[in-house]
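Data block below; observations after.
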Amino acid sequence: MKKKNTGIKRLIPYLKKYMIKIILAILLIIVASCLIALSPTLEGNITTQLFSDIMGGRRVDFTKINRIILTLICVYVAGALSNCAYQFLLTDAIQSAMVDLRNDVQGKIRRLPISYFDRNALGDTLSRVSNDMETISNALQQSFAQILNAVLGLSLAVYMMFKIQWVMALSAVAIIGVSVIISKVIVKKSQPIFQKQQNALGDLNGIVQEKFTGFNEIKLFGKQEDTLSELMNANEELCESGFKAQFISGLMSPLVTFVTYIGIACVAIAGTFYAIAGTITVGQLQAFIRYIWQVNQPMSQITQLSGAIQSSVAAIHRVFEFLDEEEEVDETVELEEVDTIKPYEEVQGNVSFEDVAFSYTKEKPLLHDLNVEVKSGQMVAIVGPTGVGKTTLINLLMRFYDVTGGSIKIDGVDIRHMKRDDLRAKFGMVLQDTWLFKGSIKENIAYGKEGASEEEIIRAAKVANVHHFITTLPDGYNMVLNEEASNISQGEKQLLTIARSVLCDPPIMILDEATSSVDTRLEQKLQDAMKNIMKGRTSFVIAHRLSTIKNADLILVMSNGNIVEKGTHDELIEKKGYYEQLYHAQFADCDMA
């Protein structure tokens, strides 16, 4: 597969939509540059007129000088107005293009498979969609007009110098040539370091995000020093790459200025002889030196922008690398190849796993030859040690990953023959890690169903055994949860997520370690809420606490990527097999007490 270009060219389609504004801005930049290029000649004309009148023994012609000054003022005013106008148009076009790019990035996040987020640090992804995007935006805003101004300014200044004296103008061309060579050498050295700097920033953001998420655990286990050391190492790497990048890039400006000063010295010496010989006037010599500064100014602007430009190139690479990530397969193409598609609105809830195999990598198979039949309305518990594939089985059922062998069917229909959104709409999930957002309790529960009425929200809260708790709060259902929802307990959070799932009324429920992080009192509440939500629904429960699944209709015992035992709690205890060992190992301490 041919690697996609991730350079600046990838931004062109985003800017094309606003090409009219950009073209108008460019025309105004040309006007402003022409006016700037004209001003040294007008200034030189004033000097020439004064010198000519004084040396000729005549009275100074102030009428002519005033006319030149008035023209010069008009040039300055017109140039300033052109600058304001093009800045407005260019800012509008660039920011609109960045909105489109940000929308594409946000849309990309929705289309990425879960496997992408499993492989990549969340902090690095956040850095790509926030810091890198901001770097691109700032660089475009600062650099686009200045680079265009620089190119036009250079061209016009060189043209005007050749009009004055072509031999002297060659020295200016030499200044530009040497400056370009210096710039190329420095950019070649610094660009890889700028890429390293952006990557180091992403790594640092990843570490910060991870450590702040686990701040309580860090304090609990006294790992502050280890955490600080890790952050300092990442910060040191960012500092080192940032210093190298900025230092090497920063050499460009003083070197270019040094070359310019040498050029000015040469021109001043040669120009003096030409002025004495009468080849050029004193005003033309003054104008010529001003034009050399007009050459130096855009070169200096480009060199000063070099750091921002190179950072933006690295950021563009990272953003478009993200946009080029492989997405979930286009379901429209998949489903067109299936002849047995039928309407799938009513779900009975019969689930079958037929010879299911799965592996994250080909070298390490996780699940193999897995078979099980789940009947509608059954509560199915999945138990086993960590890492045997319990959560993976649920991920396959939800099509966060697709099986690599066999099939999973709901009511006899292969789930790969359903659109992912349609499939997932049939499920409700209550996870160990609760997710609530900043907003009222009512809004958090209503997240499960668009347009839910207040009566439906209260009914769902009652089913989840959380209504009474909500009514004891200062603002009841209108109480606002903070960003971490830390103003309520972990158990109450879990009950709210159950209420959310009740509200969406799914035919199939998944509960993954839903009671693992609450106390005994709240566990009973959660158990009652779970019983309520599982009535009449097919339910899959993953639990380490085997006491919570004694009443399950079917218990699947997993080991080494397969189901080694299945049956009810009593049946499995009587078998005196693997489940019985797990059960007694878990309650050995309690029995001894």
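Read through the labelled values (i) 39.0; (ii) 22.8; (iii) 30.0 and report the label of the one computed as mean projected area of the Cα convex hull in nm² from the structure.
The value matching this structure is (i).
Taking 0.36 nm per residue of sequence separation and subtracting the Cα-Cα distance, how much length would be gained by fully extending the chain between Cys239 and Phe88, in nm to one decimal? Write out the running numbers ahead of the final one.
On the way: separation 151, 0.36 × 151 = 54.36 nm, distance 3.56 nm.
So the extension gain works out to 50.8 nm.
For a Förster distance of 51 Å, can you work out the FRET efficiency between the beta-carbons of Leu170 and Lys438, rounded to the nearest 0.05? Before the final figure, lay out the partial values.
Numbers: r = 66 Å, r/R0 = 1.29.
Using R0 = 51 Å, I get an efficiency of 0.20.
Give the residue from Ala139, Val564, Ser376 lying farthest towards the positive end of the charge dipole for the chain; charges sit on Cβ (+1 for Lys and Arg, -1 for Asp and Glu) and the dipole is referred to the Cα centre.
Ala139
Long-range amide H contacts for Met509: which residues qualify at under 5 Å (H placed 1.01 Å from N, peptide plane, sequence gap of 5 or more or a different chain)?
Those qualifying (amide H under 5 Å, at least 5 residues apart or on another chain) are Gly428, Thr538, Ser539, Phe540.
Kindly write out, for the stretch 130-135 in residue order, the coupling ³J(HN,Hα) from the Karplus curve 6.51 cos²θ - 1.76 cosθ + 1.60 (θ = phi - 60°), rounded to whole Hz, with x marking Gly and Pro.
Computed from phi, the couplings for the stretch 130-135 are 10, 4, 5, 5, 5, 4 Hz.
Report the accessible area of Phe400, computed with a 1.4 Å probe over the heavy atoms of all protein chains in place, in Å² rounded to the nearest 10.
Accessible area of Phe400: about 50 Å².
A 27 angstrom limit on the alpha carbon distance is what I want to check against. Which of Lys493/Lys550; Lys21/Lys196; Lys449/Lys493; Lys9/Lys163; Lys438/Lys462 exceed it? Each step should come with its number before you reach the end.
Values: Lys493/Lys550 25 Å; Lys21/Lys196 35 Å; Lys449/Lys493 18 Å; Lys9/Lys163 36 Å; Lys438/Lys462 22 Å.
Correct reply: Lys21/Lys196; Lys9/Lys163.
Taking only protein heavy atoms into account and a 1.4 Å probe, give the accessible area per residue of the chain in Å². If you can, show how the numbers build up before the last one.
Numbers: 31090 Å² over 593 residues.
Per-residue value: 52 Å².
Under the 0.36 nm per residue contour assumption, what length would be gained going from the current alpha-carbon distance of Ala277 and Glu455 to full extension?
Numbers: separation 178, 0.36 × 178 = 64.08 nm, distance 9.84 nm.
Length gained, Ala277 through Glu455: 54.2 nm.
Spelling out what I want: for every residue of the stretch 545-557, take phi, set θ = phi - 60°, compute 6.51 cos²θ - 1.76 cosθ + 1.60 (Karplus), and round to whole Hz; glycine and proline get x.
7, 5, 5, 7, 10, 4, 8, 5, 5, 8, 10, 9, 9
Which whole-Hz ³J(HN,Hα) couplings does the stretch 436-451 yield from phi under the Karplus relation 6.51 cos²θ - 1.76 cosθ + 1.60, θ = phi - 60°, glycine and proline marked x?
10, 10, 5, x, 6, 4, 4, 5, 5, 5, 5, 4, x, 7, 5, x
Over the chain, what relative contact order in percent results from Cα pairs under 8 Å that are six or more residues apart?
On the way: 811 pairs, mean separation 83.6, N = 593.
So the answer I get is 14 percent.
Counting Lys and Arg as +1 and Asp and Glu as -1, each charge on the Cβ, what is the dipole of the chain about the Cα centre in debye, to the nearest 20? Don't skip to the answer; put the middle values down first.
Numbers: 58 positive and 67 negative charges, 656 e Å.
In debye, rounded to 20, the chain gives about 3160.
Taking the dipole about the Cα centre of the chain, with the C-beta of Lys and Arg at +1 and of Asp and Glu at -1, give me whichever of Ser183, Leu170, Val430 is farthest to the positive side.
Leu170
Sort 130-138, 270-278 by packing, meaning the average of other beta carbons within 10 Å per residue, with the highest value first.
By packing density, highest mean first, the sequence is 130-138, 270-278.
To the nearest 0.05, how large is the calculated FRET efficiency for Ile147 and Lys550 if R₀ is 51 Å and r is the Cβ-Cβ distance?
Details: r = 72 Å, r/R0 = 1.41.
With R0 = 51 Å, the Cβ-Cβ based efficiency is 0.10.
May I ask you to give the percent of accessible area on the chain that is carbon plus sulfur, with a probe radius of 1.4 Å?
Numbers: 18150 of 31090 Å².
For the chain, the apolar C and S fraction of the accessible surface comes to 58 percent.
Is it possible to state the helix-based mean residue ellipticity at 222 nm for the chain, with each DSSP H run of 4+ residues giving -39500 (n - 2.57), the sum divided by total residues, to the nearest 500 deg cm²/dmol? What is it? Intermediate values should be presented prior to the final figure.
Values: 21 runs with 377 residues, N = 593.
That calculation yields -21500 deg cm²/dmol at 222 nm.
For Ile109 and Val180, what is the calculated FRET efficiency with R₀ set at 41 Å and r taken between the beta-carbons, to the nearest 0.05?
Details: r = 41 Å, r/R0 = 1.00.
After rounding, the FRET efficiency stands at 0.50.
The values are calculated or read from the model by the stated rules, or taken from the named source; none is laboratory data. The structure displayed is predicted, hence computed values, not measured ones. Heads up, the Cβs are rebuilt from the backbone with ideal geometry, glycines too, and the neighbour counts pull from every protein chain shown. Surface accessibility is based on the protein's heavy atoms, side chains included, excluding ligands, DNA and RNA. Shrake-Rupley method; radii C 1.70, N 1.55, O 1.52, S 1.80 Å.
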